[in-house]
1. Which option, (i) 24.4, 72; (ii) 19.3, 52; (iii) 17.7, 59, is the value of Rg and Dmax of the Cα atoms in Å that was calculated from these coordinates?
2. State, to one decimal in nm, how far the label point of Cys37 lies from the label point of Asp18, with both points 7 Å from Cα in the Cβ direction.
3. Highest GNM mean-square fluctuation, the chain, Cα pairs closer than 10 Å: which of Ser20, Ser48, Ser59?
4. Specify which residue in the list Phe2, Leu38, Trp24 is farthest towards the positive end of the charge dipole of the stretch 2-41, using unit charges on the beta carbon of Lys, Arg (+1) and Asp, Glu (-1), about the Cα centre.
5. Check the straight Cα-Cα distances from Lys14 and name the aspartates and glutamates below 15 Å, setting aside those fewer than 8 residues away within the same chain.
6. I'd like the Karplus ³J(HN,Hα) series for the stretch 52-66: coefficients 6.51, -1.76, 1.60, θ = phi - 60°, whole numbers in Hz, and an x wherever there's a Gly or Pro.
7. Among Asp54, Asp25, Asp44, which one moves the most in a GNM of the chain with springs linking Cα atoms closer than 10 Å?
8. Among the trypsin sites (Lys or Arg not before Pro) within the chain, which fall in a DSSP loop and have no more than 10 other Cβ atoms within 10 Å of their own Cβ?
Amino acid sequence: MFYIILNLDKKSIKRLADESGHKWDSVYRLAQEFRECLVDEAKDPVLSGEIEFDEMYQSAGTKGLKKTSEN
């Protein structure tokens, strides 16, 4: 079971079922239950009090090709 959960993001359900020797629907059900538990536990943080944030500008670089002089 741990192997299946550990590799859910790397391998398909079919491949995990084949490697572990379990039926596809059993592995699929386990993956669904695991994902539902993650969603139930993941709650958006509630911010309170004074919150501070700063702006940030990130340059994407210069456009075009740089001109070079041949002297």
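Taken together, the values in this text are just the output of simple stated rules run on the coordinates, not laboratory data. Please read these numbers as outputs of a predicted model, since none were measured by experiment. Every residue, glycine among them, receives a Cβ derived from its backbone with ideal geometry; neighbour counts consider all protein chains shown.
1. (i)
2. 2.7 nm
3. Judging by the Gaussian network model, the answer is Ser59.
4. Trp24
5. Asp25
6. Per-residue couplings from phi come out as 10, 8, 10, 7, 9, 10, 10, 6, 8, x, 8, 8, x, 9, 6 Hz.
7. Asp54
8. Values: sites: Lys10, Lys11, Lys14, Arg15, Lys23, Arg29, Arg35, Lys43, Lys63, Lys66, Lys67; in loops: Lys10, Lys11, Lys23, Lys43, Lys63, Lys66, Lys67.
Passing both the DSSP loop test and the Cβ count: Lys10, Lys23, Lys43, Lys63, Lys66, Lys67.
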